Amino acid sequence: MLFIGVDWAEDHHDVCVMVEDGQVLGKRRVPDSVTGLGELHGLIAEHTGGDEAVVVGIEIDRGLVVYSLLAAGYEVYAINPLAAARYRDRHATSGAKSDPGDAKMLADLVRTDRHNHRPIAGDSDLAEGVKLLARAHQNAIWGRQRQLNALRSALREYYPGTLAAFGTDLASADALAILAIAPTPELGRGLSRSKIAAALRKGGRQRNIERRAEEISMTRPLTIVTPPTARMANRTTDATLMGASLRTVAESTFKGMIKAATAKARQTLATIDPTRLPMAKLGDLAAATPATMSSAMLVPRPPTRAAETVGRTRTEAEIRARAITN
């Protein structure tokens, strides 16, 4: 018995051939084409012995590759990608993933755990056609729902009165008919009851037209809407007021800092001993600032022992005593 793992992709497929003891007999990457399918069947034929059973594991249940494998009489298992990922975690903890590695993993999965999965049953042409139509219908419903979600989000920000008039039934013919003639708040404000009734009638409503027009007219969805331009102007005004407030706070803070710096400079000038200043600098004392004062202008610290020994040669006794200490 042969076990085949096929890692499916849009433009190529990785194939791994394995026997019952887990030994890999061959690997190959084939293109997604009729030629590639021929290479796939040729690789299987190289290792099969006539009537030997072939079991295939693949992460898809439809398509040209699956149909060709079923037509060849192979037992094909469509493995859910989530189940395949969990099986991969059983044998590798690094999280590394590759297409040839996934092909080997699928072959190993159907070799040891195929009893936990169901094989794909070959259906008739009519059944395949029904499945194709069902998938197309499902995709259309999902696409419509995505569009409705985007429409609801846009109306919540720009046109919230429409949600008050139609609620969550934005896909109805009535909602689409009204939005077709009044896509903006400005146009919606000018709608009369007769225009609403005409739009409902054109949208396909045949009963209770006047009553429905009365209900929509009573909601007056657009009279409670703030125009986007006015909303933006309000936000701009708020930002301007906030900027002016911050500027006032900054100016008062800077003034306080300047006052503190001036007071500190005066305290520094009070500590200066004029008798130690050079005569040439006495005339500039009035213009002196803390930034231009040098350390020589301030009252010096008491001399240290190190300062007393600068420039003096050590005696032989001092050198000998230092060596003994070290």
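Tabulated values for the structure
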quantity: Given (1) touching a residue at least 40 places away in the same chain (Cβ under 8 Å); (2) closer than 23 Å to Glu128 by Cα; (3) touching a His at 6+ places or on another chain (Cβ under 8 Å), number of the condition Ile79 does not satisfy; calculated: (1)
quantity: Condition broken by Thr168, with the remaining ones in (1) more than 30 Å from Arg62 (Cα to Cα); (2) at pLDDT 85 or above; (3) of a type in the set (Val, Ile, Thr) satisfied; calculated: (2)
quantity: Flag for Leu222 being surrounded by 13 or more Cβ atoms within 10 Å (Cβ to Cβ), at pLDDT below 80 and outside any loop (DSSP other than H, G, I, E, B); calculated: yes
quantity: Options Arg111, Arg118: the member that is surrounded by fewer than 11 Cβ atoms within 10 Å (Cβ to Cβ) and either basic (Lys, Arg) or in contact with a Leu (Cβ under 6 Å, 6 or more places away or on another chain) (or both); calculated: Arg118
quantity: Residue count for the range 173-199, restricted to those that are outside any helix (DSSP H, G or I) and either hydrophobic (A, V, I, L, M, F, W, C) or under 17 Å from Glu210 (Cα atoms) (or both); calculated: 3
quantity: Residue among Thr168, Thr93, Thr162 that alone is assigned to a loop (DSSP other than H, G, I, E, B) and within 30 Å of Ala213 (Cβ to Cβ); calculated: Thr168
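The values are calculated or read from the model by the stated rules, or taken from the named source; none is laboratory data. Since we're looking at a predicted model, the values are computed, not measured. Quick reminder, even Gly has a Cβ in these numbers, built from the backbone with ideal geometry, and neighbours come from all protein chains shown.
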